[in-house]
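Presented below is the structure to which this report refers.
The values are calculated or read from the model by the stated rules, or taken from the named source; none is laboratory data. Computed from a predicted model, the values in this text were never measured in an experiment. Using ideal geometry, Cβ is built from the backbone for each residue, glycine included, and neighbour counts are taken over all protein chains shown.
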Amino acid sequence: MVKRFAILLGLGYVSFTMIPVASALDADALVKAGFDYWRGNASIATVIMTIHRPNWEREMTIKAWTRGQKDSLFYIEAPPKDHGNGTLKKGREMWMYNPKVNRIIKIPPSMMSQSWMGSDFSNNDLAKSDSLLIDYEHSFMGTDTHDGKKVYVIKSMPKPNAPVVWGMQKLVIREDLIWLRQEYYDEELTLVKTMTAYEIGMLGGKLFPQKWKMHNVDEADRYTQLTYMSLEFKSSLPDNLFTLTSLRKARR
Amino acid sequence: MSIDVKMAWRNIWRNPRRTMLTICAIAFASLLLVFMLSFQFGSYETMINTSVKIHTGHLQIHAHEYLKKKSIRQVVSEPQEIAHLLQTIPKIEAYTFRGQAFSLISSKERTYGVAVTGIDPEREATVSRLKSSVREGEFLAESDKDQALVGKLLAKNLHITPGDEVTLLGQGRDGSIAATVVSVKGIYSSGIDEIDRASIHIPLKTFQEIYAMGNAIHEAVIIVESLSDVDAIKRSLNVKLQSQNPDNPLTAVDWEELMPGLRQSIEMDLVSGLIFYLLLIIVVAFSILNTFLMAIFERTKEFGVLMAIGTTPERLTKVLLIESMTMTSVGTSAGIIIGSLITIYFQSRGIDISGASDLLSQFGITGRIYPKLSWISAISGPLAVLIITFFAALYPALKIKKMRPVEAMRAV
């Protein structure tokens, strides 16, 4: 384990040009800042989610509201058959709403590792998104450049006894706080899946990647891609938006 | 009767009590082997036949590699063609079609993840024991829609009883969201905890509607007349499925692939059984060895005299072997006959094992086990006894060759 770890570390240093990291800049602060830049105080977005599989592909249009690090609400707008299905995430709990049966179902803990709506995102990826800030310790691994800007590679190891899903995460954050890549490793520190951001452009009044792609290692033809159609950052969103009543309303 | 045989015969009865004890030991070991082997084979067959009747069937037909991924998209799109095919194959007792999906099930209070199975109620009853394992409420009827059978442990966890409603939420074949409300019609207890804790059954038509399946199904489940037919039917099915659709053939898989755990537990049990039998045979072999060593020590003087008057050591060895083999053959034959009789008796009556049902219910065995007498179970054990005792008797018999007549005559 230690040996493997050392090799991994070594690899990290070889692949990224070894520039002594500015120790003044705190890795924790960078991750926090990057996360906040990504999520904003609150946001309203329309996203097309493309689930790609070797022999089929499916697209869903999702409207998403997020607030702070913890609360999110998603609605499926298209295809028409699924219109009005919603997911509410509050803290670490999740509920799903289906308009056809007009019921709200709370996702049980045992189901949190299952995929969300058949995508490559698991319920945990959504529910525990802020786990990265709370449960992990961050340290610099190296730096790189991207579009002429400096990029930090950060290794995030879980704190002892933290209730985490991943054994390690690797983050690639640009100096202007744009989140470029997030890699998920299991307990044996082997890469499981990667989320990559690209097509960085102006969105919601700031530079933001328009496409996010989540795919499992070694499966190039199985991925889930998020394409931001619109994104609006807000200073705040009302409390009553992130409630079960609001989830049931199936906002149009 | 040659003189050798006569001598052997007299020697056998020189000490009748010892001889009888030896024969009894051999007979008892053989008897035990015959019965235990038959019992084991019988219990395996019972185990397999009961297990396949819980859910899996002897054989299933799926889309290629369905067993590996169990994806809802891997369907058998034309079940009617399969039905026609199955009707042409003899020795198939019954078959049914099922759909399988994974969903969330939710009562007012709780939510769990479960395997949802769409079943054809009438046909299902001929293939599996589902109908008879319904403990509360009723089995599904042909005309039922939006009704469900729920496993006992799941019902307990969800706090539901027949008549209550549960919500299902999952994903359809086309990737869309599948949701419905079904009312609980019955609660079953299959004896297998995993099934009772995490499965529900709904009518196939309802299933196809909810999960956007169209006409498609996921598995065709087949029960054949006898376990020994499984291999042949599987082979002929695979050939026919291949010719039906050469590009992307459906595949038939048997119970061993469907329940690898069952096969493994049978193998493990067989190995531990074999170790026990081996120990039994070794114990018998030592008792034989002891008898014959005694016979030689006792008769050293006699052998010396016989050799002094011109009997060759080979001849004495032969006499000794005739003695030992006569005893062993009598013993093993008696063992085979008595063992077979006992086995046949229990084969028709069965052995009540309801006392051990907790342990065995995890293998799907409830009630009675019927031993199964076959040529293998009747002959192989006693044959092993025969061979091993032969070698046990050979050692003392060969010792005679080393004897010197003069010394032997002086022995006490």
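Looking at (1) within 14 Å of chain A (Cβ to nearest Cβ); (2) in contact (Cβ under 8 Å) with a residue 24 or more places away in the chain; (3) out of contact with any Gly (no Cβ under 7 Å at 6 or more places or on another chain); (4) surrounded by 17 or more Cβ atoms within 10 Å (Cβ to Cβ), which is the one condition that is false for B:THR111?
Tallying (1) within 14 Å of chain A (Cβ to nearest Cβ); (2) in contact (Cβ under 8 Å) with a residue 24 or more places away in the chain; (3) out of contact with any Gly (no Cβ under 7 Å at 6 or more places or on another chain); (4) surrounded by 17 or more Cβ atoms within 10 Å (Cβ to Cβ), B:THR111 fails exactly one: (2).
Each row is one residue, and each column tells you yes or no for (1) of a type in the set (A, V, I, L, M); (2) at pLDDT below 90; (3) touching a Gly at 6+ places or on another chain (Cβ under 7 Å); (4) more than 30 Å from B:MET47 (Cβ to Cβ).
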{"position": "B:LEU258", "(1), (2), (3), (4)": "yes, yes, no, no"}
{"position": "B:ILE282", "(1), (2), (3), (4)": "yes, yes, no, no"}
{"position": "B:LEU293", "(1), (2), (3), (4)": "yes, yes, no, yes"}
{"position": "B:ARG299", "(1), (2), (3), (4)": "no, yes, no, yes"}
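I'd like to verify a number: residues in the range B:158-209 that are over 16 Å from B:LEU130 (Cα atoms), free of Cβ contacts under 8 Å to residues at least 60 places away in the same chain and of a type in the set (Val, Ile, Thr), how many?
6
Which count do you get for residues in the range A:123-165 that are among the polar types (S, T, N, Q) and part of a strand (DSSP E or B)? Walk me through how you get there before you give the answer.
Taking the range A:123-165 as the starting set, the residues that turn out to be among the polar types (S, T, N, Q) are A:123-124, A:129, A:131, A:139, A:143, A:145, A:156, A:161.
Imposing the further condition that a residue be part of a strand (DSSP E or B) reduces the set to A:139, A:143, A:145, A:156.
Residues meeting the conditions: 4.
Per-residue answers, yes or no, for (1) touching a helix residue (DSSP H, G or I) at 6+ places or on another chain (Cβ under 8 Å); (2) within 22 Å of A:ASP120 (Cβ to Cβ); (3) surrounded by 13 or more Cβ atoms within 10 Å (Cβ to Cβ); (4) at pLDDT 90 or above:
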position: A:VAL21; (1), (2), (3), (4): no, no, yes, no
position: A:ASP28; (1), (2), (3), (4): no, no, yes, no
position: A:TRP56; (1), (2), (3), (4): no, yes, no, no
position: A:GLY68; (1), (2), (3), (4): yes, no, yes, no
position: A:LYS106; (1), (2), (3), (4): no, no, yes, no
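Just to check your reading of the model, which residue among B:LYS70, B:LYS6 is surrounded by fewer than 19 Cβ atoms within 10 Å (Cβ to Cβ) and within 28 Å of the chain's Cα centre (by Cα)?
Just a single option satisfies the conditions, and that option is B:LYS70.
What are the residue pairs meeting all of these: first residue in the range A:195-221, first residue among the polar types (S, T, N, Q), second residue buried (at least 18 other Cβ atoms within 10 Å of the Cβ) and not in a strand (DSSP E or B), Cβ atoms under 9 Å, and 6 or more apart or on different chains?
That search, which allows pairs on different chains as well, returns A:ASN216/A:ASP120.
Condition first: charged (D, E, K, R) and either more than 10 Å from chain B (Cβ to nearest Cβ) or in contact with a Gly (Cβ under 6 Å, 6 or more places away or on another chain) (or both). Now tell me which residues in the range A:98-126 satisfy that.
Of the range A:98-126, the ones charged (D, E, K, R) are A:100, A:103, A:106, A:120, A:125.
Result: A:ASP120, A:ASP125.
If you scan the range A:146-204, which residues turn out to be within 13 Å of the chain's Cα centre (by Cα), among the aromatic types (Phe, Trp, Tyr) and modelled with pLDDT of 90 or more?
Within the range A:146-204, A:TYR184 is the sole residue that qualifies.
Is it the case that A:SER129 is surrounded by fewer than 21 Cβ atoms within 10 Å (Cβ to Cβ), under 18 Å from the mean Cα position of the chain (by Cα) and not hydrophobic (A, V, I, L, M, F, W, C)?
Values: surrounded by fewer than 21 Cβ atoms within 10 Å (Cβ to Cβ): yes; under 18 Å from the mean Cα position of the chain (by Cα): yes; not hydrophobic (A, V, I, L, M, F, W, C): yes.
Here the answer is yes, as A:SER129 does meet what is asked.
Does the range B:48-81 hold any residues that are within 24 Å of B:GLN242 (Cβ to Cβ), part of a helix (DSSP H, G or I) and among the charged types (D, E, K, R), and which are they?
The answer is B:LYS68, B:LYS69, B:GLU81.
What tally of residues in the range A:167-187 results from selecting those that are in contact (Cβ under 8 Å) with a residue 24 or more places away in the chain, surrounded by fewer than 21 Cβ atoms within 10 Å (Cβ to Cβ) and in a loop (DSSP other than H, G, I, E, B)?
Qualifying residue count, the range A:167-187: 3.
May I ask you to list the residues in the range A:86-97 that are within 23 Å of A:LYS211 (Cβ to Cβ) and either among the polar types (S, T, N, Q) or facing another protein chain (nearest Cβ under 10 Å) (or both)?
Residue satisfying the conditions is A:THR87 alone.
Table: residues versus (1) in a helix (DSSP H, G or I); (2) in contact with a Gly (Cβ under 6 Å, 6 or more places away or on another chain); (3) in the same structural domain as B:ILE342 (by TED's automatic domain parsing).
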{"residue": "B:ARG17", "(1), (2), (3)": "yes, no, yes"}
{"residue": "B:LEU21", "(1), (2), (3)": "yes, no, yes"}
{"residue": "B:CYS24", "(1), (2), (3)": "yes, no, yes"}
{"residue": "B:LEU31", "(1), (2), (3)": "yes, yes, yes"}
{"residue": "B:THR46", "(1), (2), (3)": "yes, no, yes"}
{"residue": "B:ALA83", "(1), (2), (3)": "yes, no, no"}
{"residue": "B:GLN87", "(1), (2), (3)": "yes, no, no"}
{"residue": "B:ALA94", "(1), (2), (3)": "no, no, no"}
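In the range A:201-252, how many residues are surrounded by 14 or more Cβ atoms within 10 Å (Cβ to Cβ) and of a type in the set (Gly, Ala, Ser)?
Count: 3.
Please pick out the residue among B:ARG315, B:ARG263 that is touching a helix residue (DSSP H, G or I) at 6+ places or on another chain (Cβ under 9 Å), assigned to a helix (DSSP H, G or I), surrounded by fewer than 17 Cβ atoms within 10 Å (Cβ to Cβ) and touching a residue at least 40 places away in the same chain (Cβ under 8 Å). Talk me through it step by step, then tell me what you get.
Details: B:ARG263 fails: touching a residue at least 40 places away in the same chain (Cβ under 8 Å).
Just a single option satisfies the conditions, and that option is B:ARG315.
Out of all the residues in the range B:159-176, is one or more small (Gly, Ala, Ser) and either under 30 Å from B:ALA232 (Cα atoms) or touching a Lys or Arg at 6+ places or on another chain (Cβ under 7 Å) (or both)? Before the answer, list the steps.
Let us first name the residues in the range B:159-176 that are small (Gly, Ala, Ser), namely B:163, B:170, B:172, B:175-176.
Next cut, either under 30 Å from B:ALA232 (Cα atoms) or touching a Lys or Arg at 6+ places or on another chain (Cβ under 7 Å) (or both) only: B:175-176.
Yes - at least one qualifying residue is present in the range B:159-176.
Return the total of residues in the range B:181-193 being crowded, with 23+ Cβ neighbours inside 10 Å and within 14 Å of another protein chain (Cβ to nearest Cβ).
1
Before we move on, is B:LEU153 among the hydrophobic types (A, V, I, L, M, F, W, C) and buried (at least 23 other Cβ atoms within 10 Å of the Cβ)?
Numbers: among the hydrophobic types (A, V, I, L, M, F, W, C): yes; buried (at least 23 other Cβ atoms within 10 Å of the Cβ): no.
In short, no.
Name the one entry in B:ALA148, B:ALA216, B:ALA198, B:ALA178 that is among the small types (Gly, Ala, Ser), at pLDDT 90 or above, buried (at least 21 other Cβ atoms within 10 Å of the Cβ) and touching a strand residue (DSSP E or B) at 6+ places or on another chain (Cβ under 8 Å). Give the steps one after another, and end with the answer.
On the way: B:ALA216 fails: buried (at least 21 other Cβ atoms within 10 Å of the Cβ); B:ALA198 fails: buried (at least 21 other Cβ atoms within 10 Å of the Cβ); B:ALA178 fails: at pLDDT 90 or above.
Testing whether each residue is among the small types (Gly, Ala, Ser), at pLDDT 90 or above, buried (at least 21 other Cβ atoms within 10 Å of the Cβ) and touching a strand residue (DSSP E or B) at 6+ places or on another chain (Cβ under 8 Å) leaves just B:ALA148.
Kindly state which strands (runs of 3 or more DSSP E) lie completely within the range B:134-239 and contain at least 2 residues that are β-branched (Val, Ile, Thr).
Numbers: elements: B:134-137, B:147-151, B:165-171, B:177-188, B:199-203, B:219-224.
Result: B:165-171, B:177-188, B:199-203, B:219-224.
Report, ordered by the first and then the second residue, all pairs with beta carbons closer than 7 Å, sequence separation of six or more or different chains, a first member in the range B:225-243 that is closer than 20 Å to B:ALA63 by Cα and in the same structural domain as B:HIS84 (by TED's automatic domain parsing), and a second member that is surrounded by 14 or more Cβ atoms within 10 Å (Cβ to Cβ) and among the hydroxyl-bearing types (Ser, Thr, Tyr).
Filtered contacts from the range B:225-243: B:ASN238/B:THR251; B:LEU241/B:THR251.
If B:LEU140 satisfies every condition in (1) within 28 Å of A:SER110 (Cβ to Cβ); (2) out of contact with any His (no Cβ under 8 Å at 6 or more places or on another chain) but one, which is the exception?
(2)
Just one of B:SER348, B:SER377 is of a type outside the set (Phe, Trp, Tyr), crowded, with 22+ Cβ neighbours inside 10 Å and modelled with pLDDT of 85 or more; which is it? Before you say what the answer is, go through the steps one by one.
Details: B:SER348 fails: crowded, with 22+ Cβ neighbours inside 10 Å.
Only one candidate passes the filter, namely B:SER377.
Give me the residue from the range A:132-145 that is over 17 Å from A:PRO209 (Cβ atoms) and of a type in the set (Asp, Glu) and, out of that set, farthest from the chain's Cα centre (by Cα).
Among those that are over 17 Å from A:PRO209 (Cβ atoms) and of a type in the set (Asp, Glu), it is A:GLU137.
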